[in-house]
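One structure is given below, encoded as structure tokens.
Quick note: the coordinates plus some simple rules give every number you see, no bench work behind them. The structure presented is a predicted model; accordingly, all values stated were derived computationally and were not measured. Quick reminder, even Gly has a Cβ in these numbers, built from the backbone with ideal geometry, and neighbours come from all protein chains shown.
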Amino acid sequence: MKSADRRLDALERVMSVYETQLLRYAGRIASNPSAAQDIVQETFVRLVRKWHAPFEPGPAISSWLYRVAHNCAVDFIRRESRASVLHGKHAEQQEAAADPEIDRKDGLSDRAILAMNALKTLNDREQQLVVLKVMEEKSYREISEITGLSTGNVGYILHHAMKKLAVAISRMGDEHEQG
Amino acid sequence: MNMNRDSNAPKPESPEPALRLQCAEIENVLFDYMSHEMGEARALLVREHLRHCPGCRVTAAGMQETVEALRKASREIPQEAEHLSDERRSRVKWALLHPVLEWMVHHHAVVSILIAVAVLLGLVYSLRRAGERKPEDLTGIAITIGQGYVDGHEGGTQPEKSP
């Protein structure tokens, strides 16, 4: 087997291991499935361009992929945010995001809907850290590698984010019961 | 969240350090403790405090509920796509199989500038070459105007009439 074929096989293996989790992560951060596809494609293209070691699934490549996907997603959010402000849609979108009814889907429990809507009340960085910690179940060290924040800072932001979440869930729960 | 609830909580009689920790301090590290992001010695202090402080146990239970709700939502919300589309997968493979072209696509701005500079240089070079060649091309070309057609002029000959 030629060297290019071997490298292609190795890349296929890495993609099959990480594509689903990266798509899920990018989708959660960017809140846009189409953008998630773009982000994950760009992540793998950058892997091809910049990863000089063999393509082997493992912690090193996993952290690297998450970091690149995270940066691409953050860039996407910034671009979208600028575009929304330019088009005067920002306030409208934020209002829609905070509406508990907007994400109601069949089969979702009330508690889950409340939690997801409460998550949207956090700022971008807090949301990213909560997704990484609670949903992706990454350690502080891994989150630090992915986001470039210190582990102390990760803990501090998460602590405040969880407090805000508890308050938001409680407030939304009360509104839901009254409404 | 009541930061002063430690006053309502039962006061431990033991002078152990764990029990001297204030609820506010515990609250600050509660998420670290629940995420197992704390050294064993400090985790032991928090555990001991929680054992004796009903208020902090309520806070911890609330935080655990929030975490569980988020995890539940994460599991319940269906993922739009689990795989990259074929088109995007092909694009990634293309990048691997054609590194030079991929480099050119990635650095398209640099490549465009280089091509523009090359075209300009080629144009300037061609024009200069053309400018230098022009006088040489004209030298040595004999131009005869009206020779043999004018009677009475020196060297002039009358063309033979055809029969």
Inter-label distance for A:D174 and B:E65, nm, one decimal - labels placed 7 Å from Cα along Cα-to-Cβ
1.4
Can you flag which of A:K50/A:K120; A:K138/A:K164; A:K50/A:K138; A:K133/B:K93; A:K138/B:K93 are past 22 Å Cα-Cα?
A:K50/A:K120; A:K50/A:K138; A:K133/B:K93; A:K138/B:K93
Rank A:L65, A:L165, A:L149 by mean-square fluctuation in a GNM of chain A with C-alpha springs under 10 angstrom and give only the top-ranked residue.
A:L149
Table column - 3J(HN,Hα) (Hz), the range A:128-139, Karplus curve with 6.51, -1.76, 1.60, x for Gly and Pro
4, 5, 5, 4, 5, 7, 7, 8, 8, 6, 8, 7
For the range A:1-64, Kirkwood radius (reciprocal of mean inverse C-alpha pair distance, Å):
12.4
Estimated FRET transfer efficiency when R0 is 35 angstrom, pair A:S150-A:R13 (beta carbons, to 0.05)
0.60
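Over the range A:27-69, what lengths in whole Å, largest first, do the semi-axes of the equivalent ellipsoid take, defined as the square roots of 5 times the eigenvalues of the alpha-carbon gyration tensor?
So the equivalent ellipsoid measures 21, 11, 7 Å along its semi-axes.
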Calculated FRET value between B:L101 and A:A53, using beta carbons and R₀ = 30 Å, to 0.05:
0.85
Extension gain, B:D86 back to B:A43 (0.36 nm per residue minus Cα-Cα distance, nm):
10.6 nm
Using 5 Å bins from zero, what percent of all Cα-Cα pairs in the range B:18-135 falls into each bin?
2, 9, 10, 9, 6, 5, 5, 5, 6, 7, 7, 6, 5, 4, 3, 3, 3, 2, 1, 1, 0, 0
Set the Förster radius R0 to 51 Å, insert the Cβ-Cβ distance between B:K93 and B:E25 as r into 1/(1 + (r/R0)^6), and round the FRET efficiency to 0.05.
0.40
From a point 7 Å beyond the Cα of A:R6 in the direction of its Cβ, which residues of the range A:31-66 have a backbone N at a distance under 15 Å?
A:53-56
